[in-house]
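One structure below.
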Amino acid sequence: MSFNLVKRILLLNLIAQSGIILTGATVRLTGSGLGCPTWPQCTPGSFIPTLHQAESYHKYIEFGNRTLTGILTLAAIATLVGVWKTSSDKRFRKIALIPIVGTVFQAILGGITVLTNLNSATVMIHLLVSVALVAVSVYLFDAYNRSFKKVSGVSRAIGIGVLASAALVVFLGSVVTNSGPHSGDANVASALPFDPALMAWLHADSVWLFVGVLIASWLLLKAGVVSESAFPSLRNLTALTVVQGVVGYSQYFSGLPILLVGIHVLLAILIWISAVYFYRRSNFELKSEINAESLNYSI
C-alpha cells in the first residue's frame, strides 16, 4: 500500500468524520430525528424505510444519516489498515484505532438517542464525540509520513489557548442547540433546563474570548514568537471566524432559520479543523517527510 494512497484514505476519513456532523445537523434541523423510530432497524421489521411509513420524508433524511455511518465505518477501517501496513510507530498505530472505535461507539450512542426519544444529553454527547473524532482525524492526516519536533515557550501556550477557547465555543454551541427549538422532532421538547437566550449570550461571550485569543496570536506572529508555518491556518481561522460571527448574530436575530443554522454548523466544523491545524503548527515544527525506507514517526 503506497503512502499516497494512505494519505488519501486519511483525508477521506477526515471528510467523512466532518460530514456526519453536518448530516446529523440536517436531521435535527428538519425534525427528522425519529424518521427511523427504531434501532438498529429503521422501522419494525425493516432496516430500510418502507413506502407507507408514517414518518414521511423524514425517514429518508434519517436513513441517509445512518447510511453515511456505514461509509464512515469503511473509511475508519481503511485508515486503520493503511496505517498499520505502512507505519512501524506503535503510538501512531494506536491512535489510528480511535476512528473505528469511536465510530462504533457513535453508532451505539445514536441508537440510544433514538430509543430514548432524542434525549438532549445523549444528542449533545453524540455531537461532542464527533468533534473529538474530527480532531483525531486531523492529527492522523497531518502527522502521517512526517516527522515533527515540539517547539517551546509562548508559541505552545498560544496554540493551546486557541484550541481550548475553540473547544469552549463548540461546547457552549452544543448547549445552545440543545436548549433551543431544534430538538430533532416536532413532538420532542428540549430536555436541557436552560434559558436559550442566556445560553446564546454565554456562547457569544465565549466567541469574543476566542476572538481575543486570535488577536493575541496575530500580534505574537508579527513579533516572530509564533512560527511562520502557522500563518495559513491562522489566516483561515480568522476569516472563518468573521463570517461565522455574521452568520451567528444573523441567525439569532432572525429567529434561527434552518438554512442559516446549517451554515453556522458547517462553518463551526471548518473553524474547529482550522483551530486544530493552528495548534499543531504553533506547537510542532516539521523536521522532514518520512520516506519508505525510514518509517519512524516522532510526533
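The values are calculated or read from the model by the stated rules, or taken from the named source; none is laboratory data. What you are looking at is a predicted structure, and each value in this text was computed from that prediction instead of being measured. When we count neighbours, we look across all protein chains shown, and the Cβ atoms used for this are built from the backbone with ideal geometry, even at glycine. Note: areas computed on protein heavy atoms with side chains; ligands, DNA, RNA excluded. Shrake-Rupley method; radii C 1.70, N 1.55, O 1.52, S 1.80 Å.
Miscellaneous remarks
- Every residue from region 272-284 that is in contact (Cβ under 8 Å) with a residue 60 or more places away in the chain and either out of contact with any Ser or Thr (no Cβ under 6 Å at 6 or more places or on another chain) or open to solvent by less than 20 Å² (accessible area, probe 1.4 Å) (or both): TRP272, ILE273, ALA275, VAL276, PHE278, TYR279, ARG280, SER282, ASN283, PHE284
- For region 157-166, the set of residues classified as open to solvent by 30 Å² or more (accessible area, probe 1.4 Å) and under 11 Å from ARG281 (Cβ atoms) is empty.
- For region 233-251, a residue qualifies if it is surrounded by fewer than 19 Cβ atoms within 10 Å (Cβ to Cβ) and either assigned to a loop (DSSP other than H, G, I, E, B) or not hydrophobic (A, V, I, L, M, F, W, C) (or both), and the qualifying residues are ARG235, ASN236, THR238, GLY245, TYR249, SER250.
- Selected residue (only one of LYS85, LYS94, LYS150 is without any contact (Cβ under 8 Å) to a residue 40 or more places away in the chain and among the basic types (Lys, Arg)): LYS94
- Evaluating ILE258 against the criteria (1) touching a residue at least 24 places away in the same chain (Cβ under 8 Å); (2) open to solvent by less than 40 Å² (accessible area, probe 1.4 Å) leaves one unmet condition, (2).
- Subset of region 181-219 (residues that are at pLDDT 90 or above, more than 22 Å from the chain's Cα centre (by Cα) and either of a type in the set (A, V, I, L, M) or open to solvent by 30 Å² or more (accessible area, probe 1.4 Å) (or both)): GLY212, ILE215, ALA216, TRP218, LEU219
Each row is one residue, and each column tells you yes or no for (1) modelled with pLDDT under 90; (2) over 23 Å from VAL131 (Cα atoms); (3) in contact with a Lys or Arg (Cβ under 8 Å, 6 or more places away or on another chain); (4) among the β-branched types (Val, Ile, Thr).
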position: CYS36; (1), (2), (3), (4): yes, yes, yes, no
position: THR43; (1), (2), (3), (4): yes, yes, yes, yes
position: SER46; (1), (2), (3), (4): yes, yes, no, no
position: ILE77; (1), (2), (3), (4): no, no, no, yes
position: SER87; (1), (2), (3), (4): yes, yes, yes, no
position: ILE98; (1), (2), (3), (4): no, no, no, yes
position: VAL101; (1), (2), (3), (4): no, no, no, yes
position: VAL104; (1), (2), (3), (4): no, no, no, yes
position: LEU109; (1), (2), (3), (4): no, no, no, no
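- The number of residues in region 52-89 that are farther than 19 Å from VAL101 by Cβ, exposed (fewer than 15 other Cβ atoms within 10 Å of the Cβ) and under 19 Å from the mean Cα position of the chain (by Cα) comes to 1.
- Pairs with Cβ under 8 Å, 6+ apart, first in region 2-30 and in contact (Cβ under 8 Å) with a residue 24 or more places away in the chain, second charged (D, E, K, R) and open to solvent by less than 40 Å² (accessible area, probe 1.4 Å): VAL27/GLU62
- Restricting TRP208, TRP218, TRP201 to residues that are within 30 Å of LEU140 (Cβ to Cβ) and aromatic (Phe, Trp, Tyr) narrows the list to TRP218.
- Residues of region 128-154 that are in contact with a Lys or Arg (Cβ under 9 Å, 6 or more places away or on another chain) and either open to solvent by 60 Å² or more (accessible area, probe 1.4 Å) or in a helix (DSSP H, G or I) (or both): VAL138, TYR139, PHE141, ASP142, ALA143, LYS149, LYS150.
- Residue count for region 90-118 satisfying the condition of being in a loop (DSSP other than H, G, I, E, B) and buried (at least 19 other Cβ atoms within 10 Å of the Cβ): 1.
- Filter pass, PRO49 being open to solvent by less than 30 Å² (accessible area, probe 1.4 Å) and either in a helix (DSSP H, G or I) or at positive phi (or both): no
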